[in-house]
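The values are calculated or read from the model by the stated rules, or taken from the named source; none is laboratory data. What you are looking at is a predicted structure, and each value in this text was computed from that prediction instead of being measured. Here the Cβ positions follow ideal geometry from the backbone for every residue, glycine too, while neighbour counts run over all protein chains shown. Just so you know, the surface numbers come from the protein's heavy atoms only, side chains and all, with ligands and any DNA or RNA stripped out. Shrake-Rupley method; radii C 1.70, N 1.55, O 1.52, S 1.80 Å.
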Amino acid sequence: MKTPSNHLSDAEAIRRDLKRLRKRIAGLADHAKFDDVDILLSVAETHVDKHLATLRRTE
């Protein structure tokens, strides 16, 4: 069974991965082709940020 601490660690790892993906896309020569993906990653980051805030309040 996962504890709130485990969920917090998972959410933080997901957020780091999302940030890395966005940086990789920004570094591509043809990054304009990935604008839609960047928007989706941004939305996912926002969702994870909200989840992290909730987890931090419950810890």
Exercise. If you count, for each residue, the other Cβ atoms within 10 Å and average over each peptide, how do 9-16, 28-35 line up from highest to lowest?
Worked result: 9-16, 28-35
Problem set entry | Calculated from backbone phi, Karplus (6.51, -1.76, 1.60) coupling profile of segment 19-29 in Hz, x at Gly/Pro | 4, 4, 4, 4, 5, 4, 4, 4, x, 6, 4
Exercise. In percent, how large is the relative contact order of segment 2-55, given Cα pairs closer than 8 Å and 6 or more residues apart?
Worked result: 56
For this session: Of the options His31, His51, Leu21, report the single residue whose Cα projects farthest towards the positive end of the charge dipole of the chain (beta-carbon charges: Lys, Arg +1; Asp, Glu -1).
Result: His51
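Calculate, for Lys23 and Arg56, the FRET efficiency according to 1/(1 + (r/R0)^6) with r their C-beta to C-beta distance and R0 22 Å; round to the nearest 0.05. Write down the numbers at each step before the final one.
Working: r = 24 Å, r/R0 = 1.10.
With R0 = 22 Å, the Cβ-Cβ based efficiency is 0.35.
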For this session: Could you please state how large a percent of the accessible area of the chain is carbon and sulfur, counting protein chains only and using a 1.4 Å probe?
Result: 58
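Can you give the FRET efficiency to the nearest 0.05 for His47 and Thr3, using r as the Cβ-Cβ distance and R₀ = 25 Å?
Values: r = 21 Å, r/R0 = 0.85.
For His47 and Thr3, the calculated efficiency is 0.75.
Please give the charge dipole size of the chain, origin at the Cα centre, charges +1 on K and R Cβ atoms and -1 on D and E Cβ atoms. Round to the nearest 20 debye.
On the way: 12 positive and 10 negative charges, 43 e Å.
The dipole magnitude comes to about 200 debye.
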Seminar exercise, completed: Calculating Cα Rg over 2.2 N^0.38 Å from this structure picks out, from (1) 2.43; (2) 1.33; (3) 1.18, entry (2)
Exercise. Along segment 40-53, what does the Karplus equation 6.51 cos²θ - 1.76 cosθ + 1.60 (θ = phi - 60°) give for ³J(HN,Hα), rounded to whole Hz, x for Gly and Pro?
Worked result: 4, 5, 5, 5, 4, 4, 4, 4, 5, 4, 5, 5, 4, 4
